[in-house]
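Have a look at the structure below, then the notes.
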Amino acid sequence: MAGLSAAGTELPRQCTDAAPIGAAGLNEERWADLARVRVPFFEASANSACNHHSFRYSEFSNRAKSMVETSTLPGLLLESVDSDVYLAVLRRIQSGEMAMDDRIVDSQLAVEFSLSRMPVRQALLRLVHEGYLVGTTRGFVLPRLSPQDIEEIFEVRLLIEPRAAASACQVLVENDITALRTAFSDAQQAVLSKNADAMMGANERFRQVWLQAVPNRRLAASIRRHVDHVQIVRRATVVDGPTQQLILTLLAALLIGFEKRDALQVFDATVQFVARARECFFAAPAVLERGQDAA
């Protein structure tokens, strides 16, 4: 693909003209400013800084890879039985098995897992704390996020995701690069076959590979949660052909950066990725309709 060899290269912007979200109170100029600014740490010298701290990356890389298997660090503060329930419900949410109108009742879940209500409720309350569920008088449901909520999530992602991706550059091993290439190839095939679900699945696997390499496990967990929150809402939108092609182009830029172990290029490509993801998200008609309903 052309125009992907250098960090900071302007990438296609197929989705920038269809996001009339000013009525939702979103400040486009402020967001554009955020998208243009690098964290000073990386502006000064990302690669040299990563090398300077390479002893820390080596020390934590194996532990990070093992602890971030699902990248949300499930069970970190829970007992094993609570963690089993937490993981099971989280996977149902992430896979789309739980719909917006579904309810989880702790007593029913306790019967399903042959547990008392206490550990089940503890697991569900952690999911509430992490923003995956909302408690009601009749059980637990998925949150209904407003356009402003989504805007804030994307802003957080823009502030933390580029640096996290850049930090993964120095610890990725050859098996990780192979996994990134495989995910990218899967994404290419999905675009050719016009399979939006397969495309998003490949995109998620690509992200999962580098997230597992991020030395700061809490940072990786935070990114995972924020991505999940957007994806839960996004299932109601249609990922069209131009958007799929844009995602593929941005994944190519990221892959090149990771292959070169170029932290600055990965940082810049991730900024582009998050910024374009936001534009495409708010361009989706279903998102705009929900914003009008919430107004």
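The values are calculated or read from the model by the stated rules, or taken from the named source; none is laboratory data. Predicted model only: the values in this text are computed from it and were never measured. So basically every Cβ, Gly included, is an ideal-geometry build from the backbone, and we count neighbours across all protein chains shown.
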query = Ala123: farther than 30 Å from Asp82 by Cβ, crowded, with 19+ Cβ neighbours inside 10 Å and in contact with a Phe, Trp or Tyr (Cβ under 6 Å, 6 or more places away or on another chain), yes or no?
reply = no
task = Specify the residue that is surrounded by the most Cβ atoms within 10 Å (Cβ to Cβ); the eligible residues are those in segment 242-263 that are of a type outside the set (A, V, I, L, M) and within 20 Å of Gly201 (Cβ to Cβ).
result = Phe258
key: Sole residue being crowded, with 20+ Cβ neighbours inside 10 Å and modelled with pLDDT under 90, chosen from Val214, Val209, Val233   = Val233
key: Odd one out for Leu219 among (1) touching a helix residue (DSSP H, G or I) at 6+ places or on another chain (Cβ under 9 Å); (2) more than 30 Å from Arg121 (Cα to Cα)   = (2)
query = For residues in segment 108-147 being in contact with a strand residue (DSSP E or B) (Cβ under 7 Å, 6 or more places away or on another chain) and not in a loop (DSSP other than H, G, I, E, B), which is nearest to Ile223 (Cα to Cα)?
reply = Val128
inquiry  = Condition (residue is surrounded by fewer than 18 Cβ atoms within 10 Å (Cβ to Cβ), in contact (Cβ under 8 Å) with a residue 60 or more places away in the chain and touching a helix residue (DSSP H, G or I) at 6+ places or on another chain (Cβ under 7 Å)) applied to segment 188-201: is it met by at least one residue?
reply    = yes
task = May I ask you to say which residue of Leu78, Leu73 is part of a loop (DSSP other than H, G, I, E, B), more than 24 Å from Arg138 (Cα to Cα), touching a Pro at 6+ places or on another chain (Cβ under 9 Å) and modelled with pLDDT under 50?
result = Leu78
inquiry  = Condition (residue is basic (Lys, Arg), within 25 Å of the chain's Cα centre (by Cα) and at pLDDT below 90) applied to segment 82-95: is it met by at least one residue?
reply    = yes
inquiry  = Condition check: assigned to a helix (DSSP H, G or I) and under 15 Å from the mean Cα position of the chain (by Cα). Does Val191 satisfy that?
reply    = no
ask   = What number of residues in segment 176-187 are exposed (fewer than 15 other Cβ atoms within 10 Å of the Cβ) and either over 17 Å from Ala165 (Cα atoms) or among the basic types (Lys, Arg) (or both)?
value = 2
Only one of Arg181, Arg224, Arg207 that is assigned to a helix (DSSP H, G or I), of a type in the set (D, E, K, R) and in contact with a Ser or Thr (Cβ under 8 Å, 6 or more places away or on another chain) = Arg224
